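None of the figures in this text is laboratory data; all of them are computed from the coordinates on show. The structure presented is a predicted model; accordingly, all values stated were derived computationally and were not measured. Reconstructed Cβ throughout: ideal geometry from the backbone, glycine too, with neighbour counts over all protein chains shown.
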Amino acid sequence: MTTHRSFTPEFKAQVVLEVLTGVRSASEACQHYQLKPDLVSRWKAQFLEGAATVFAKESQSDPALARVAELERLVGRLTLELEVSKKASSILQAHLSKGGK
């Protein structure tokens with residue numbers, strides 16, 4: 001019974017980058033790392049499929065990040081409104097206390 005080796009994403013990226021940049025041919029990488037050719041081909045295809053996501057906007061790549069950004073903008077706006085309300089309240093209190101005397 002053979003056991004399947006598990007490879008880290010970093011290792012897969014290293015192998016694929018070596019092949020894409022010409023450091024090693026696909027067959028050389030297979031021999032060097034003792035990998036099957038179809039495995040390297042699959043990694044290369046996955047790598048190239050996901051390459052466009054590197055340049056995707058944050059809001060498109062992760063809806064949670066877009067939600068966090070939206071909530072941060074809301075917190076900023078509400079903080080500003082609160083500060084304006086406090087300032088207006090203190091001005092009104094000062095005006096009423098001067099006029100009431």
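Cα to Cα, under 12 Å, and not fewer than 8 places away if on the same chain: which aspartates and glutamates meet these conditions relative to residue 44?
18
If I stretch the segment between residue 89 and residue 23 completely, what's the gain in nm (0.36 nm per residue apart, minus their alpha carbon distance), one decimal?
Working: separation 66, 0.36 × 66 = 23.76 nm, distance 6.92 nm.
Result for the pair: 16.8 nm of gain on full extension.
Can you tell me the dipole magnitude for the chain around its Cα centre, using point charges on the Cβ only (Lys, Arg +1; Asp, Glu -1), in Debye to the nearest 20?
540 debye
Would you kindly state how much longer the chain becomes between residue 7 and residue 45 on full extension, computed as 0.36 nm times their sequence separation minus their alpha carbon distance, in nm to one decimal?
12.1 nm
Can you spot the aspartates and glutamates whose alpha carbon is less than 20 Å from residue 98's alpha carbon? Ignore those fewer than 8 places along the same chain.
none
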